[in-house]
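Trainee: Below are the structure tokens for one structure; questions will follow.
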Amino acid sequence: MAKGDTFERHRQPWTAEELQKLHGFAKKGMALKAIAKALKRSEESVRDRAKQDGLNIAKLR
């Protein structure tokens with residue numbers, strides 16, 4: 001991995017399968033961090049996509 005690259009999949013478009021999983025995880029009430037890890041995406045990416053799709057992601061403190 002190159003220096004400065006935090007995610008291998010930087011700025012990759014969302015696949016239909018990923019979106020399906022995101023919606024499923026959100027419905028189950030999974031935490032943002034857990035969803036991000038499961039999808040191998042940044043929390044920011046997951047949060048932005050969820051907002052775009054009108055999904056509510058549980059924020060665990």
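Trainee: Looking only at residues in region 11-24 that are charged (D, E, K, R) and in a helix (DSSP H, G or I), which one is surrounded by the most Cβ atoms within 10 Å (Cβ to Cβ)?
Mentor: Among them, the one singled out is E18.
Trainee: May I pose another question? How do the pairs read when you match residues in region 31-49 that are charged (D, E, K, R) with residues anywhere that are in a strand (DSSP E or B) and modelled with pLDDT of 95 or more, using Cβ under 8 Å and keeping only pairs 6 or more apart or on different chains?
Mentor: That search, which allows pairs on different chains as well, returns nothing.
Trainee: If I ask for residues that are in a helix (DSSP H, G or I) and surrounded by 13 or more Cβ atoms within 10 Å (Cβ to Cβ), which ones from region 38-61 would you list?
Mentor: Within region 38-61, A38, L39, E43, S45, V46, R47, R49, A50 qualify.
Trainee: Here's something else I'd like to know. How many residues are surrounded by 12 or more Cβ atoms within 10 Å (Cβ to Cβ), in a loop (DSSP other than H, G, I, E, B) and small (G, A, S) when one looks only at region 25-37? Working first, answer last.
Mentor: We begin by selecting, within region 25-37, every residue surrounded by 12 or more Cβ atoms within 10 Å (Cβ to Cβ); these are 25-26, 30-37.
Narrowing the set further to residues that are in a loop (DSSP other than H, G, I, E, B) leaves 30.
Next, from what is left, pick out any that are small (G, A, S): none.
The qualifying residues number 0.
The values are calculated or read from the model by the stated rules, or taken from the named source; none is laboratory data. In this text, all values refer to a predicted model and were calculated from it rather than measured experimentally. We place every Cβ from the backbone using ideal geometry, glycine too, and count neighbours over all the protein chains shown.
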